[in-house]
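J.: One structure coming up, written as structure tokens, with questions to follow.
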Amino acid sequence: MAATRNGAAIVCLTVALGILGSRVPAAQGRGTRATIAPDSPQALRDWDTRTQSMLRTGELRIRQVRADTLIPGDVVERADQYYRGVRVHGADISRQLDAQGVVRSVFGTLYEGIDLRSDPALTRDDVRARVTALAGADQADSSEPELVVLPQDQGRFRLAWRVRAVTPQVDVIQYFLDAATGDVLLQYSDRQSQSAVGRATGVLGDNKKISVTGSGGSFTARDLLRPPVIETEDMKGDPIRTLTYLRGLIPLGPADLAASTDNNWTDGAVNDAHIYAGYTYDYYFKRFGRRGLDGDNIRIRSLTNPVRRTPEDVTRYLDTFPDFFLNAFYNGGGVMVYGVGLPPDVTFGGQSWNHLSGALDVVAHELTHGVTEFTSNLIYRNESGALNEAFSDIIATSAEFFFQPAGSGPLKAEYRLAEDVITPGGLRSMDDPGLFGDPDHYSRRFLGAADNGGVHINSGIANQAFYLAVEGGTNRTSGLAVQGVGGANREQIEKVFYRAFTQMLPSDATFALARAATIQAARDLYGSNSAAERAVTQAWTAVGVN
Ligand SMILES: [Zn+2]
């Protein structure tokens, strides 16, 4: 399974909006609501002068500054209006600034003529008690009360406490309570979408839970339980759309997201890609405290069903898009693609190929290419490329042992790769790389140009070192024995390799450097002369890396 990248293309959609600035006049002594949408350079200058002044006086406060993802160098600022230090609810502006800091445009809503006392009679504790009585929610389920100015009809304003509470019926309600009396001034349901857990059938027919989004009576494959966006797309057998997206030429939209009407998920290829992405996230977090691929919860997006697993599509597309059948790959930026395999009665290389997302180790392998991209960024050729592949195999197998019982056969943890979906046997072996013609010793390394200099071949050497450091045993080529830490302590070797491969290795690392870094990592984590250091040292020596 290959790591591929493509240059990011920026699709810039410019939409001209002809909205005019408008002011709604109010009765004597009342406030005014201004809608900001300047439609001439002079109006833009006027509003820019006005907002600059309000920023200086603190009537506007910057809430958020973000790089514009569509126009490089541009920045989008959002600012909220304040009255005597209290935020005015629903009064904010968005300013678009170019690379020189010049305002391109500004849109927003502001209020003028607010006149009220800004000290509340009710305390925060009063408010919490009131919300508990109203919503039946205990205090842990409500947000910290926020004092706001609440604009009302006809230019009136009230000082209010705003609280967001989750009711026992799992509705989310925004309450605005009069800050003087506790009366409900406004309340509405804020449940735009809701985390839901459905039932799903995997590629291998296993039944399990799936974490999705429910909204308006339907369900989509977007996980709301875990911190990053984890979403799974159903490309519905459209290889052209898949390829066009991967080349950066079109975005994907809501219609591409895998969906279910009844939260009973039946497409195994979708379900396993989604569920195993969540498992892999959990493995990295629980084992290493790592938050996703980039350490900062970047979105994980999995593309499934790029073609259909039918004889017709094999005839039509196999020659043009072999990777959409017989490969799974990481496309950069948190995007994974899973091939569909081959129809049940078709074999390739003497093996049957099921949907590649149906194996936890395949999914964890691909996602680990993402972790490598954001850390060591091991160059995908020759020795560094073989280390890149080996690290993906090491984490893939470790994730299996984390979630599955040890053993052989479907849904069992073992030192084979993709064995659940490419049958019989899988693609590679860590305990005996030679079973698939891969080297288990540095003296047997592949020196040709094929496979980027043998990245999927020479990975066998580092895979065998990892296997021996955990389980112990004798290398078949050197005859050297290794005292492993034992399967019960596999966590130690996983942490050693994780630390070395994500924090120590440079992008052009060699096998010798991987040996040095893992030994150093073992000392850092478990001390000099620890069992882990001894196991790692012996393992590299046994595979001929010194
Ligand atoms: Zn790979």
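The values are calculated or read from the model by the stated rules, or taken from the named source; none is laboratory data. Because the structure is predicted, anything quoted here is derived from the model rather than measured. All Cβ positions, even for glycine, are placed from backbone atoms using ideal geometry, and neighbour counts span all protein chains on display. Accessible surface areas use protein heavy atoms only, side chains included; no ligands, DNA or RNA. Shrake-Rupley method; radii C 1.70, N 1.55, O 1.52, S 1.80 Å.
J.: Report ³J(HN,Hα) in whole Hz for each residue of the stretch 477-487, in order, from the Karplus equation J = 6.51 cos²θ - 1.76 cosθ + 1.60 where θ = phi - 60°; Gly and Pro get x.
T.: 8, 7, x, 7, 8, 10, 8, x, 7, x, x
J.: So how exposed is MET504, as accessible area in Å² (1.4 Å probe, rounded to 10)?
T.: 60 Å²
J.: Relative contact order for the stretch 384-526 using alpha-carbon pairs under 8 Å, separation at least 6, rounded to a whole percent?
T.: Values: 207 pairs, mean separation 29.4, N = 143.
Averaging sequence separation for qualifying contacts and normalising by length gives 21 percent for the stretch 384-526.
J.: Net charge around PHE219, counting only other residues with Cβ within less than 14 Å of its Cβ (Lys, Arg = +1; Asp, Glu = -1)?
T.: Details: positive: ARG199, LYS209, ARG222; negative: ASP223, GLU231, ASP234, ASP262, ASP267.
Overall, the nearby charge balance is -2.
J.: Select from ALA160, GLN483, VAL212 the residue farthest towards the positive end of the dipole of the chain; place +1 on Cβ of Lys and Arg, -1 on Cβ of Asp and Glu, and compute about the Cα centre.
T.: ALA160
J.: Something else about it: Could you rank HIS369, HIS89 by how accessible they are, 1.4 Å probe, largest area first? Write out the running numbers ahead of the final one.
T.: Details: HIS369 5, HIS89 45 Å².
Listed by decreasing accessible area, they come as HIS89, HIS369.
J.: In sequence order, what are the phi-derived ³J(HN,Hα) couplings for the stretch 329-337 according to the Karplus relation 6.51 cos²θ - 1.76 cosθ + 1.60 with θ = phi - 60°, rounded to whole Hz, with x for glycine and proline?
T.: Per-residue couplings from phi come out as 8, 9, 9, x, x, x, 9, 10, 10 Hz.
J.: For a protection proxy built on the mean count of beta-carbon atoms within 10 angstrom, sort 491-501, 402-412 highest first, please. Walk me through the intermediate numbers first.
T.: Values: 491-501: 23.5, 402-412: 13.4.
Going by the mean number of other Cβ atoms within 10 Å, highest first, we get 491-501, 402-412.
J.: Test of the criteria: in the stretch 61-170, which trypsin sites (Lys or Arg not before Pro) are in a DSSP loop and have at most 16 other Cβ atoms within 10 angstrom of their Cβ?
T.: Values: sites: ARG61, ARG63, ARG66, ARG78, ARG84, ARG87, ARG95, ARG104, ARG117, ARG124, ARG128, ARG130, ARG156, ARG158, ARG162, ARG164; in loops: ARG84, ARG117, ARG156.
In loop regions of the stretch 61-170 (DSSP not H, G, I, E or B), the sparsely surrounded trypsin sites (Lys or Arg not before Pro) are ARG84, ARG117, ARG156.
J.: For the chain, what % of the accessible area comes from carbon and sulfur atoms, probe 1.4 Å?
T.: Numbers: 12090 of 24270 Å².
Answer for the chain: carbon and sulfur cover 50 percent of the accessible area.
J.: Something else about it: What are the residues whose amide H is under 5 Å from the amide H of LEU186, where those residues sit 5 or more places off or on another chain and H is modelled from the backbone?
T.: Residues meeting the criterion, in which the H sits 1.01 Å from N, are PHE176.
J.: OK, next. Between the stretch 24-99 and the stretch 249-299, what is the separation of their alpha carbon centroids in Å?
T.: Between the Cα centre of the stretch 24-99 and that of the stretch 249-299, the gap is 37 Å.
J.: Defining a contact as two alpha carbons under 8 Å apart and six or more residues distant in sequence, what relative contact order in percent does the stretch 357-447 show?
T.: Computed value for the stretch 357-447: 22 percent relative contact order.
J.: Using a probe radius of 1.4 Å on heavy atoms only, what accessible surface per residue do you get for the chain? Whole Å² is fine.
T.: Values: 24270 Å² over 546 residues.
Computed with neighbouring chains in place, this is 44 Å² per residue.
J.: Let me check something: with ligands and nucleic acids excluded, how do ILE173, ILE230, ILE62 order by accessible area (1.4 Å probe), largest to smallest? Working shown, then result.
T.: Numbers: ILE173 25, ILE230 0, ILE62 80 Å².
In descending accessible area the options line up as ILE62, ILE173, ILE230.
J.: Search the structure for amide H atoms under 5 Å from the amide H of ARG290, placed 1.01 Å from N in the peptide plane, and list their residues when 5 or more places away or on another chain.
T.: Here PHE285 satisfy the definition.
J.: Can you list which of the trypsin sites (Lys or Arg not before Pro) found in the stretch 177-241 are DSSP loop residues with at most 16 other C-beta atoms within 10 Å? Can you show the working numbers first?
T.: Values: sites: ARG191, ARG199, LYS208, LYS209, ARG222, LYS236, ARG241; in loops: ARG191, LYS236.
Loop-located and lightly packed - ARG191, LYS236.
J.: Residue by residue through the stretch 207-212, what is 3J(HN,Hα) from phi via Karplus (6.51 cos²θ - 1.76 cosθ + 1.60, θ = phi - 60°)? Round to whole Hz and write x for glycine and proline.
T.: With coefficients 6.51, -1.76 and 1.60, one gets 9, 7, 7, 9, 9, 9 Hz.
J.: Return the calculated 222 nm mean residue ellipticity for the chain, to the nearest 500 deg cm²/dmol, obtained by summing -39500 (n - 2.57) across DSSP H runs with n ≥ 4 and dividing by the residue count.
T.: Values: 13 runs with 162 residues, N = 546.
Helix-only estimate at 222 nm: -9500 deg cm²/dmol.
J.: Right, next: Relative contact order for the chain: what is it in percent, counting Cα pairs under 8 Å that are at least 6 residues apart?
T.: Values: 1171 pairs, mean separation 47.4, N = 546.
That works out to 9 percent.
J.: Quick one: dipole size for the chain, taken about the Cα centre, charges +1 on Lys/Arg Cβ and -1 on Asp/Glu Cβ, in debye to the nearest 20. Display every interim value, and only then the final one.
T.: Working: 54 positive and 63 negative charges, 244 e Å.
So the magnitude is around 1180 debye.
J.: Local charge sum around THR537 (other residues, Cβ-Cβ under 13 Å, Lys/Arg +1, Asp/Glu -1)? Working shown, then result.
T.: Details: positive: ARG515, ARG523, ARG534; negative: GLU533.
Neighbour charge sum, excluding THR537 itself: +2.
J.: Here's another thing I want to ask about it. Of TYR83, TYR175, which has the most accessible area and how do the rest follow, probe 1.4 Å?
T.: Numbers: TYR83 35, TYR175 5 Å².
The ranking, largest first, comes out as TYR83, TYR175.
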